[in-house]
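Undergrad: Sharing a structure, written as structure tokens. Questions coming.
The values are calculated or read from the model by the stated rules, or taken from the named source; none is laboratory data. Please read all numbers here as calculations on a predicted model, not as lab measurements. Glycine gets a Cβ as well: all are built from the backbone with ideal geometry, and neighbour counts include every protein chain shown. Quick note on the areas: whole protein, heavy atoms, side chains included, nothing else; ligands and nucleic acids left out. Shrake-Rupley method; radii C 1.70, N 1.55, O 1.52, S 1.80 Å.
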Amino acid sequence: MRRQIRSSFAVRLLVAGVGLALTLVVGISSLLLISASQQAQEAAVTTAANRATVVDRLLGRITGPAIDGEATGIAGLLSAEAANGQDLGPEIRTLFGLGAGPFGEYPVVVGADFRAVSPAGLPPLLTAASPAVRRALAGDANPHGVEVATGGDIYATGAPIRKGTAVVGALVYIQPLSGELARFAAVVGYPTDEIAAARPQMLTRLTGDAGSGSRATTPAAIAADVTRHRDAVAAVYDVPRTGAVAGSFVPLRDATRAVVGYIGVEVPLAQFTGDVRAVEITVALLGILAILGTAIGVFVFVERFVRRPVNRLERGVARIAGGDYSTDIPITSSDELGRLAEGVNRMRAEIAQYITQIEQARARLDGAVDELGGVSRALTTTTRGVAGLQEAVVGAAAAIVGHGSAALLLLREGDHLALRATHGVEGHPPDLDGWGVMGRLLEGRGVRVDRAPAGWQAGGMLAVPMFYQDAVVGALAVITRAGEPPVEGQEQSLAVLANNAAIALENTRLFEQERETVRRLRELDALKSDFLGTVQHELRTPLTAIMGMSDLLEMCWETWDDAHKTGALHDIQVAAKKLYDIVETILDFSLLESDTLSLKPLPTQVRSAVEEAVTAVQARLKDGLQVSLSVDVPPDVEVFADPTRFNQALRALLDNAVKFTPDGGRVWVRSHRNGNGMVRIEVADTGIGIPEDALPRVFERFYQVDNTATRTYGGTGMGLALVRRLVEAHGGSVEVESRV
């Protein structure tokens with residue numbers, strides 16, 4: 001039973017209403033009480049400030065003028081006697097005989113040497129530092145103010161004593177401050193306090209008619225403002241045996257208007273707290289009435305307008321939770337509970353539809369997961385290379401979104417995405433700039449567009465970025481067919497595929513790169529073997545001729561005539577030049593490979609360079625040229641090239657043409673200017689020709705069409721490679737055309 005009461009909505013609402021009423025009552029009561037307390041404090045502080053100001057004005061308007069007149073009269077009398085040449089001693093003695101007045105005031109005569117002549121029995125209250133004495137001796141009339149003297153604080157005024165125009169002394173009239181404040185106690189109505197500026201931590205409370213007092217520690221708030229010499233000091237603090245008081249203090253100034261202390265009044269707060277207690281009683285009664293009224297009102301309201309409709313709503317929701325979607329909840333009002341019941345009825349009508357949609361979505365998701373599993377296996381096992389992998393990715397993306405959709409794979413190139421593969425796209429590849437998704441994809445954010453831009457026969461788009469090592473390397477986009485926007489939940493499957501595809505593409509690229517590297521290394525190893533074999537063969541041939549002819553010449557030197565000897569030496573010379581050419585070609589090619597070859601371009605005539613190359617090629621042939629060689633180069637054709645390297649390239653081209661042209665064949669060298677400021681040089685021959693499949697490789701290093709050990713034509717395979725490097729180093733280009 002107790003548990004049911006705790007779980008009842010009506011009981012909770014009742015407790016909440018009473019709690020709210022109690023909170024409001026407590027808040028308002030606290031505000032009123034705090035306000036009343038603040039008003040009491042402000043009234044006490046204002047009263048204390050007014051009374052302190054009264055004390056200050058009484059000192060300035062009663063005490064000051066009274067002693068000013070006394071001081072001026074006596075000083076005038078003494079000045080007159082001094083002017084007549086009389087001795088002031090008897091007059092001063094008579095003056096001291098006056099003694100102190102009824103409140104302790106008395107005169108003091110001070111000489112020009114600042115020495116005070118005090119009457120018998122009175123303490124020396126003044127010193128040479130007294131502002132009143134200094135101003136009087138300086139000739140100022142009636143400089144009055146409060147001073148801190150040796151025997152206690154005083155109110156002093158001064159008047160100069162003159163002998164002619166010279167000031168020979170000063171008459172200072174002194175009023176003890178404590179006695180003067182005792183006179184004003186009846187006017188102020190409260191005891192007065194005094195704080196010396198030199199002792200801000202000590203406060204003197206004056207009690208009694210004689211101005212006696214007790215000393216205490218100055219409250220911290222008052223002492224801080226006194227130290228700063230504020231014009232008005234006020235605070236609320238506690239005083240032993242008195243309780244809380246409001247203290248207000250005004251500054252006391254000396255004859256130079258400097259602050260020497262503070263005088264104040266302390267007003268007990270108890271005199272102003274009577275109204276606060278009445279407010280407390282009134283607030284308590286109003287609070288009790290407010291809580292009782294709120295409880296009764298909440299109870300009636302809950303019973304009539306909450307509990308009954310909530311019970312009906314609770315029974316209807318229980319039926320829906322149990323699977324009964326056939327009966328609506330009765331609606332008897334148009335308030336919040338009625339609208340809630342109406343919303344529950346709409347929810348009941350839509351639950352069946354939602355369940356159907358969820359089952360359909362689950363079936364699609366299961367199919368997508370199965371497809372994604374197959375795609376993941378394909379991404380990790382495909383051997384068709386990057387292109388085949390890209391086709392598999394876009395096909396899987398289209399399968400995830402649904403039949404009739406088109407998939408696009410884009411890879412990053414700098415600051416834009418370039419299309420690399422498509423699926424389901426007919427005709428030209430689509431331009432995605434109109435969709436406005438490139439920027440967000442490059443930022444690493446997925447994009448969903450439910451409506452295609454104008455001009456597209458499509459429904460919408462899903463696009464997700466492809467990440468590799470936290471960097472966007474591409475994007476995968478799927479465009480649905482017209483009238484079918486993307487379905488919720490497909491973004492996650494597409495994102496998983498995109499990330500797997502990014503990793504698989506990178507792995508496949510690295511695999512192909514490694515495979516290409518291995519293939520190239522094997523090719524270079526084969527080239528090295530071929531080069532070593534070729535060089536060995538090419539070097540051995542001229543060396544064998546040189547050594548054989550030199551040995552034969554040595555053996556037959558005595559029996560041969562000069563013609564035979566000259567012929568043998570010519571054969572040795574031809575073989576040596578051929579050997580030199582091979583070594584020079586290898587050295588030049590190594591310089592080009594290391595990028596250390598330096599060129600010194602100069603204006604060079606093409607015809608003279610061709611003729612020099614022809615002469616050099618002819619000199620390296622034992623039997624001379626066995627082909628017909630014609631040169632068709634105008635004398636005025638020039639190129640800007642390094643003469644030595646230009647001649648070397650021409651010599652290599654001519655040597656290649658002559659070597660592969662049978663005896664009786666023809667070789668041509670032609671040249672003319674192009675319209676773009678370049679010079680075209682052609683070397684043509686009627687030789688054996690080059691097969692079509694070998695044309696792309698003739699300028700590769702060490703490459704020879706016939707690379708067998710029994711080949712007919714010798715050579716290192718570096719001649720044409722050297723030609724291409726030299727021509728490109730000059731900013732030109734070289735091409736080959738041939739047929740077998």
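Undergrad: Using +1 at the Cβ of each Lys and Arg and -1 at the Cβ of each Asp and Glu in the stretch 601-642, identify which of L602, V639, A616 lies farthest towards the dipole's positive end.
TA: Working it through, the farthest residue towards the positive pole turns out to be A616.
Undergrad: Separate question: How would I67, I296, I355 rank on accessible area, largest to smallest, probe 1.4 Å?
TA: Correct descending sequence by accessible area is I296, I355, I67.
Undergrad: Could you order I681, I479 by accessible surface area, starting with the largest, using a probe radius of 1.4 Å?
TA: The ranking, largest first, comes out as I681, I479.
Undergrad: For the stretch 443-527, rounded, prolate or oblate, judged on the Cα gyration tensor with a ≥ b ≥ c (square roots of eigenvalues), a/c < 1.5 rounded, else prolate if a/b > b/c? Walk me through the numbers before you get to the answer.
TA: Details: a/c = 3.95, a/b = 2.68, b/c = 1.48.
Note, shape of the stretch 443-527 comes out prolate.
Undergrad: On the full set of protein chains, 1.4 Å probe, figure out the accessible area of R697 and give it in Å² to the nearest 10.
TA: R697 has an accessible surface of roughly 80 Å² with all protein chains in place.
Undergrad: Next question, about the same structure. Quick one: ranking H403, H564 by accessible area, 1.4 Å probe, largest first, what do you get?
TA: From most exposed to least exposed: H403, H564.
Undergrad: Leaving ligands, DNA and RNA out of it, work out the accessible area of F511 with a 1.4 Å probe and give it in Å² to the nearest 10.
TA: Near enough 120 Å² of accessible area.
Undergrad: Cα gyration tensor of the stretch 418-462, axes a ≥ b ≥ c as square roots of the eigenvalues: rounded (a/c below 1.5), prolate (a/b > b/c) or oblate?
TA: On the way: a/c = 1.89, a/b = 1.23, b/c = 1.53.
Oblate, since a/c reaches 1.5 and b/c is not below a/b.
Undergrad: Ignoring ligands and nucleic acids, what accessible area does Y262 show with a 1.4 Å probe (Å², nearest 10)?
TA: Near enough 0 Å² of accessible area.
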